Amino acid sequence: MAVDMRLPTVKNSMSLSHSAADRKDLVVPGDVITSDTGFMRGHGTYVDEDKLTASVAGEVQRVDKLICVRPLKTRFNGEVGDVVVGRITEVQQKRWKVETNSRLDSVLLLSSVNLPGGELRRRSAEDELTMREYLQEGDLISAEVQSVFSDGALSLHTRSLKYGKLGQGVLVQLSPSLIKRQKTHFHNLPCGASIILGNNGFVWLYPTPGQQEEEAGGFYTSLEPVSLSDREVISRLRNCLLALAAHKVLLYDTSVLYCYESSLQHQVKDVLKPEVMEEIVMLTQQKLLEHES
């Protein structure tokens, strides 16, 4: 039986300018946010003896006079325009139910998807009967939040050609609070793979595709074998995502790429070892600080 032995090593001390202990915007339940009575109470707060107090652990956010606490670990609370990656759980009448890491299953209406071939017409009874040919249980999709129902459930759409059914790749499930909001969540990384950073914490890694036929209407999935080099790149990226998530680093294209570059001196299987993970994340944080300054 093979045994993996690791000897203790001297840890290099790396100074990071922003210490978590110095941050005033991080609170735990019971912390007094402010004793000023001029502020409005938002989500994650309550008033105790005329003092605004945090009811959850998270980051304090202020919008004018409104103060709320965004939890560090929570289910996905979607907003209109959010990019999500989800899995079809049920096919119903004129709609699909989608698991998107939120409190309730999201809804993808038949009228909110592109028909194969990009046809623009009303959906007929024939389309309803062939819904499983488009998407069936277990399929992964990328979509955008179109609206939010009164009970908090999300209505999705895949009308743009960049959304639709996902083919070969790896799904990584992380906390939604670690995904940084950006203008675009679809990135083709220079290392040879592409990434979809869903606002709901579901991250999709896949080989960078070639020219895709637009007639597919978002339902085209390539089933060609993925080369060994692409699989190694995707596996390294997956381990980098888990390392960054374990150390609570915000995930966006720059942080993922810096972490990938920092991990190249190690084998893919070694990236998730605790001491290697810590070293890679510290190097990534240093690069991010240098990039920001």
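The values are calculated or read from the model by the stated rules, or taken from the named source; none is laboratory data. On a predicted model such as this, the values are computed, not experimentally measured, just so you know. As a convention, Cβ positions derive from the backbone with ideal geometry for all residues, glycine included, and neighbour counts pool all protein chains shown. For the accessible areas, the whole protein counts, side chains as well, though only heavy atoms, and no ligand, DNA or RNA atoms are used. Shrake-Rupley method; radii C 1.70, N 1.55, O 1.52, S 1.80 Å.
In the list L115, L104, L52, which residue meets the criterion of being outside any strand (DSSP E or B) and touching a strand residue (DSSP E or B) at 6+ places or on another chain (Cβ under 9 Å)? Please lay out each step first, then the result.
Details: L115 fails: touching a strand residue (DSSP E or B) at 6+ places or on another chain (Cβ under 9 Å); L52 fails: outside any strand (DSSP E or B).
Unique residue meeting the criteria: L104.
Condition first: buried (at least 17 other Cβ atoms within 10 Å of the Cβ) and of a type in the set (S, T, N, Q). Now tell me which residues in the stretch 255-286 satisfy that. Those that are buried (at least 17 other Cβ atoms within 10 Å of the Cβ) and of a type in the set (S, T, N, Q): S255, S262, S263, T284, Q285. Entry remark, the stretch 111-124: residues being polar (S, T, N, Q) and open to solvent by 40 Å² or more (accessible area, probe 1.4 Å) number 2 in total.
At pLDDT 90 or above, closer than 20 Å to A143 by Cβ and either surrounded by 18 or more Cβ atoms within 10 Å (Cβ to Cβ) or under 14 Å from the mean Cα position of the chain (by Cα) (or both): which single residue out of L237, L174, L241 fits that description? That would be L174, the only listed residue that is at pLDDT 90 or above, closer than 20 Å to A143 by Cβ and either surrounded by 18 or more Cβ atoms within 10 Å (Cβ to Cβ) or under 14 Å from the mean Cα position of the chain (by Cα) (or both). Scoring G38 on the criteria (1) open to solvent by 50 Å² or more (accessible area, probe 1.4 Å); (2) over 24 Å from the mean Cα position of the chain (by Cα); (3) of a type outside the set (A, V, I, L, M, F, W, C); (4) at pLDDT below 90 leaves a single failure, condition (1).
When the stretch 178-190 is limited to residues that are in contact (Cβ under 8 Å) with a residue 12 or more places away in the chain and surrounded by fewer than 16 Cβ atoms within 10 Å (Cβ to Cβ), the one that is farthest from the chain's Cα centre (by Cα) turns out to be P190. Here A125 qualifies as free of Cβ contacts under 8 Å to residues at least 12 places away in the same chain and among the small types (G, A, S). Name every residue in the stretch 75-98 that is among the polar types (S, T, N, Q), outside any strand (DSSP E or B) and touching a strand residue (DSSP E or B) at 6+ places or on another chain (Cβ under 8 Å), in order of residue number. Selection gives N77 alone.
Which one is farthest from F186 (Cα to Cα), of the residues in the stretch 133-166 that are among the small types (G, A, S) and surrounded by fewer than 16 Cβ atoms within 10 Å (Cβ to Cβ)?
Filtering the stretch 133-166 for residues that are among the small types (G, A, S) and surrounded by fewer than 16 Cβ atoms within 10 Å (Cβ to Cβ), the one farthest from F186 (Cα to Cα) comes out as S150.
Tell me, yes or no, whether the stretch 107-128 has at least one residue that is of a type outside the set (F, W, Y), out of contact with any helix residue (DSSP H, G or I) (no Cβ under 7 Å at 6 or more places or on another chain) and closer than 30 Å to H247 by Cα. No, the stretch 107-128 contains no residue that is of a type outside the set (F, W, Y), out of contact with any helix residue (DSSP H, G or I) (no Cβ under 7 Å at 6 or more places or on another chain) and closer than 30 Å to H247 by Cα. Every condition in (1) free of Cβ contacts under 8 Å to residues at least 60 places away in the same chain; (2) under 23 Å from G198 (Cα atoms); (3) of a type in the set (A, V, I, L, M, F, W, C) holds for I280 except the one numbered (2).
If a residue has to be over 30 Å from V60 (Cα atoms) and assigned to a strand (DSSP E or B) to count, how many in the stretch 144-199 make the cut? Residues that pass the stated criteria total 9.
Yes/no matrix, rows are residues, columns are (1) in contact with a Lys or Arg (Cβ under 6 Å, 6 or more places away or on another chain); (2) open to solvent by 80 Å² or more (accessible area, probe 1.4 Å); (3) of a type in the set (G, A, S):
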site: L72; (1), (2), (3): no, yes, no
site: D82; (1), (2), (3): no, no, no
site: Q92; (1), (2), (3): no, no, no
site: W96; (1), (2), (3): no, no, no
site: T100; (1), (2), (3): no, no, no
site: L109; (1), (2), (3): yes, no, no
site: E126; (1), (2), (3): no, yes, no
